[in-house]
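One structure below.
The values are calculated or read from the model by the stated rules, or taken from the named source; none is laboratory data. What you are looking at is a predicted structure, and each value in this text was computed from that prediction instead of being measured. Cβ sites come from the backbone with ideal geometry, for glycine too, and all protein chains shown count toward neighbours.
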Amino acid sequence: MVKICLDPGHGGTDSGALLGKRYEKDDVLRLALAVKPLLEAQGVGVVMTRTDDKAVPSISERCQMANMAGCVYYLSIHRDAAGPAAHGISLWVHSRANGPTVRKAQYILDELLAVTPTQDRGVQKGTPQNYENFGVNVYTTMASALLELGFITNADDNDRFDRYFDDYAEAIARGLCKAVEVTYTRRTSPQRPRRKRR
Ligand SMILES: [Zn+2]
């Protein structure tokens with residue numbers, strides 16, 4: 001069985017970025033938990049680095065979990081932070097990521113950008129800060145990326161995150177399936193209309 005590692009960033013005393021009482025660690029955990037069953041429905045195994053706010057492994061421990069489990073892809077899920085105007089979606093890969101790793105991240109980005117219009121911040125290498133790479137892209141032995149799904153510091157991005165939560169979860173699942181070459185078959189759910197757009 002093909003296995004993917006989902007890594008909801010931060011947790012515990014590390015809230016990640018925040019806006020008032022809205023914490024990145026909560027947004028990303030909720031989202032990862034929504035992606036998990038969608039992948040499992042496609043026959044993809046899912047390793048979660050954390051499923052609650054209590055057991056919070058270090059970055060290297062998270063990567064070790066994926067390495068030990070033989071995951072073929074690792075996605076760390078985050079939300080960005082900057083001034084109130086900054087918005088959009090980006091994925092970060094290792095500064096020396098090869099073509100296939102960049103392409104896999106692009107699949108996820110393309111699916112997310114198809115949900116509703118926002119700024120395409122691209123698949124980028126390294127980090128936006130002054131260090132070379134995110135730990136999740138260093139300590140993993142498989143293809144990996146760090147997703148920044150909108151800015152928690154931007155009201156419109158938070159609105160998109162909440163409004164299109166289910167669609168974003170499905171977009172991530174679709175992109176991941178494409179990355180690991182699993183055909184994504186959508187479940188028929190009469191309860192929820194397809195991709196409601198404003
Ligand atoms: Zn983060």
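Could you check K25 against (1) away from the ligand (no atom under 13 Å from the Cβ); (2) touching a Gly at 6+ places or on another chain (Cβ under 7 Å); (3) without any contact (Cβ under 8 Å) to a residue 60 or more places away in the chain and say which number it fails?
(1)
Only one residue in G11, G16 is crowded, with 21+ Cβ neighbours inside 10 Å, within 16 Å of the ligand (Cβ to nearest atom) and over 12 Å from the mean Cα position of the chain (by Cα). Which one?
Numbers: G16 fails: crowded, with 21+ Cβ neighbours inside 10 Å.
None of the others qualify; the one that does is G11.
Can you tell me which residue within region 35-51, out of those that are over 27 Å from R22 (Cβ atoms) and in contact (Cβ under 8 Å) with a residue 60 or more places away in the chain, is surrounded by the most Cβ atoms within 10 Å (Cβ to Cβ)?
So, considering only residues that are over 27 Å from R22 (Cβ atoms) and in contact (Cβ under 8 Å) with a residue 60 or more places away in the chain, the one surrounded by the most Cβ atoms within 10 Å (Cβ to Cβ) is V44.
Quick check, is A41 more than 14 Å from the ligand (Cβ to nearest atom), more than 18 Å from F161 (Cα to Cα) and not β-branched (V, I, T)? Talk me through it step by step, then tell me what you get.
Numbers: more than 14 Å from the ligand (Cβ to nearest atom): yes; more than 18 Å from F161 (Cα to Cα): yes; not β-branched (V, I, T): yes.
Yes.
Provide a single number: the residues in region 76-112 that are within 17 Å of G126 (Cβ to Cβ), within 16 Å of the ligand (Cβ to nearest atom) and of a type in the set (D, E, K, R).
Residues flagged as within 17 Å of G126 (Cβ to Cβ), within 16 Å of the ligand (Cβ to nearest atom) and of a type in the set (D, E, K, R) within region 76-112 amount to 1.
Determine, yes or no, whether Q124 is modelled with pLDDT of 95 or more and either within 16 Å of the ligand (Cβ to nearest atom) or within 25 Å of F165 (Cα to Cα) (or both).
Against the criterion (modelled with pLDDT of 95 or more and either within 16 Å of the ligand (Cβ to nearest atom) or within 25 Å of F165 (Cα to Cα) (or both)), Q124 qualifies.
When the residues of region 52-71 are filtered to those that are surrounded by fewer than 18 Cβ atoms within 10 Å (Cβ to Cβ) and in a loop (DSSP other than H, G, I, E, B), which remaining residue is modelled with the lowest pLDDT?
Per the stated criteria, the residue is A55.
Of all residues being outside any strand (DSSP E or B) and among the charged types (D, E, K, R) in region 4-48, which is farthest from S144 (Cα to Cα)? Just the residue, please.
Our first condition is that a residue be outside any strand (DSSP E or B); within region 4-48, this holds for 9-10, 12-13, 15-17, 20-21, 24-44.
Those left that are additionally among the charged types (D, E, K, R): 21, 24-27, 30, 36, 40.
Details: K21: 30, E24: 20, K25: 19, D26: 22, D27: 20, R30: 20, K36: 17, E40: 19 Å.
So, considering only residues that are outside any strand (DSSP E or B) and among the charged types (D, E, K, R), the one farthest from S144 (Cα to Cα) is K21.
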